[in-house]
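Trainee: Just dropping this structure here.
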């Protein structure tokens, strides 16, 4: 994994772990979904950026971070031809 993508994913994980349940519910992510995502992060599982819940959480926590991920993903796709 690219070092830049790794740092961005760490930043996303930090922001999601700091997010409270009431804020997540306001943006359309249910309590059990948020708990499942947080538990996975705490257990060291990689974040799947393609899920709708993660996309909502990213957009709510930081538009700049979401833009960085899209830019890096597009660069890697063009460069290496993979997803």
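Read the figures in this text as sums done on the coordinates, not as results from a lab. Bear in mind that the values here come from a model prediction, so they are computed numbers and not experimental data. Heads up, the Cβs are rebuilt from the backbone with ideal geometry, glycines too, and the neighbour counts pull from every protein chain shown.
Trainee: Neighbour counts of other C-beta atoms within 10 Å: give me 37, 27 arranged from fewest to most. Walk me through the intermediate numbers first.
Mentor: Numbers: 37 23, 27 13.
Going from sparsest to densest Cβ surroundings: 27, 37.
Trainee: Between residue 17 and residue 32, with labels modelled 7 Å along Cα→Cβ, what's the label distance in nm to one decimal, could you check?
Mentor: 2.5
Trainee: Determine the gain in length on full extension of the stretch residue 39-residue 51; use 0.36 nm per residue of separation and subtract their C-alpha separation, reporting nm with one decimal.
Mentor: That pair, residue 39 and residue 51, stretches by 2.7 nm at full extension.
Trainee: Right, here's the next one. Once both labels are modelled 7 Å past Cα along the beta-carbon direction, what's the residue 7-residue 59 spacing in nm?
Mentor: If labels sit at residue 7 and residue 59, their model points lie 2.7 nm apart.
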